[in-house]
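A.B. asks: Below is the structure I would like to discuss, written out as C-alpha cells.
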Amino acid sequence: MTLDRRAALAAGVTAAGALVLAAPAPARSGADKQVLEQLIALEIRLHSAYETAARRRVVDAGLANLLAGHEREHADGLARVLKRRSGGGAVATVPEPELNRALSGGQRGFLRFALRSESEAVAAYADAVTRLGDPTLLQPLGSVMTGHAQHLVLLRKALGETVLTRAFEPPERGAGGTQSG
C-alpha cells in the first residue's frame, strides 16, 4: 500500500470524524469540558511533534505532514465543540519534554516516540468515552480514536515492524510489534 492510498484512507476517516464533531450538541457538564480540553491538549502536542519532525527532516516529510494534518483537524474539531458548549477556546499546551530527546535519536528514535504517543492517544480516547456525560460525543471521539489507531499502523510500517498487534496493548508490551505469541 502506498502512502497516497493510505493517506486517502486516513483522510476519509479523519473527514468523517470532523463532520460529526461539527454537528451541534447540547451543553453538558464541566466534566465533559475538562475531557475535551485534555484531548485538545493531546492533539496539539502530537501536531507539534509531527510538524517539528518534518521541519527538522528527522522523518519522511510526507508521513509527518500527513499525521500533523490529522492532529490539527482533530484539535480544531474538538475546539469547535468546546467553544460551542462553553464559549471557551482551546487550551494552551507545552511540547512533550521527551520530544527533543526523541528528535535527537534520528528517524527511529522519533518514530518510537510517535508510536508511544499514538498508543497513549488511543488509550486517552478509550478512557475519555467512559467519562463523558454527553452520549452524542461517543461516535465522534470513537472516530478520532480510530484515526489514531491508523497512525499506529503507519508508524509501525515506517519502522519496518509488524503492522498489526494485539489491540490496545501498551507500547512496552507489544506496540513495537516485536512480541511473539
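The values are calculated or read from the model by the stated rules, or taken from the named source; none is laboratory data. Just so you know, these numbers come straight off a predicted model, no measurement behind them. Backbone-built Cβ (ideal geometry, glycine too); neighbour counts: all protein chains shown. SASA here: full protein model, heavy atoms, side chains in, ligands and nucleic acids out. Shrake-Rupley method; radii C 1.70, N 1.55, O 1.52, S 1.80 Å.
A.B. asks: I'd like the full set of residues that are within 23 Å of G30 (Cα to Cα) and polar (S, T, N, Q), limited to the range 116-148. Spell out the reasoning first.
C.D. replies: Of all residues in the range 116-148, those within 23 Å of G30 (Cα to Cα) come to 121-145.
T130, T136, Q139, S143, listed by residue number.
A.B. asks: Also, quick follow-up: Six or more apart or on different chains, Cβ atoms under 8 Å: show the pairs whose first residue is in the range 68-87 and within 16 Å of H47 (Cβ to Cβ) and among the basic types (K, R) and whose second is open to solvent by less than 60 Å² (accessible area, probe 1.4 Å) and in a helix (DSSP H, G or I).
C.D. replies: So the pair list comes out as R72/E43; R72/H47; R80/L21; R80/A22.
Matching residues to (1) crowded, with 19+ Cβ neighbours inside 10 Å; (2) in contact with a His (Cβ under 8 Å, 6 or more places away or on another chain); (3) under 16 Å from M145 (Cα atoms); (4) modelled with pLDDT of 95 or more:
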residue	(1), (2), (3), (4)
Q38	no, no, yes, no
A53	yes, no, no, no
R56	no, no, no, no
D60	no, no, no, no
A75	yes, yes, yes, no
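A.B. asks: Still on this structure, I have one more. For residues that are at pLDDT 80 or above and open to solvent by 60 Å² or more (accessible area, probe 1.4 Å), scanning just the range 99-114, find the one that is nearest to E51 (Cα to Cα).
C.D. replies: Q107
A.B. asks: I've got another one for you. Pairs please, first residue from the range 137-148 and in contact (Cβ under 8 Å) with a residue 60 or more places away in the chain and closer than 17 Å to E37 by Cβ, second anywhere and among the small types (G, A, S) and open to solvent by 10 Å² or more (accessible area, probe 1.4 Å), Cβ atoms under 8 Å, 6+ apart in sequence or on different chains.
C.D. replies: Sorted first by the residue in the range 137-148, then by its partner, the pairs are L137/A25; P140/A23.
A.B. asks: Now, a different point. Residue by residue through the range 118-134, note down the ones that are open to solvent by less than 10 Å² (accessible area, probe 1.4 Å) and in contact with an Asp or Glu (Cβ under 9 Å, 6 or more places away or on another chain). So that I can check it myself, show each step before the final result.
C.D. replies: Quick first cut of the range 118-134, residues open to solvent by less than 10 Å² (accessible area, probe 1.4 Å) only: 118, 121-122, 125, 128, 134.
Those that are open to solvent by less than 10 Å² (accessible area, probe 1.4 Å) and in contact with an Asp or Glu (Cβ under 9 Å, 6 or more places away or on another chain): A121, D134.
A.B. asks: Still on this structure, I have one more. I'd like the full set of residues that are in a helix (DSSP H, G or I) and acidic (D, E), limited to the range 31-73. I'd like the intermediate steps shown before the answer.
C.D. replies: Taking the range 31-73 as the starting set, the residues that turn out to be in a helix (DSSP H, G or I) are 31-55, 61-73.
Result: D32, E37, E43, E51, E71, E73.
A.B. asks: Right, another one. It is to be established whether one or more residues within the range 10-30 are at pLDDT 50 or above, over 15 Å from the mean Cα position of the chain (by Cα) and either in a helix (DSSP H, G or I) or under 28 Å from G106 (Cα atoms) (or both).
C.D. replies: Yes.
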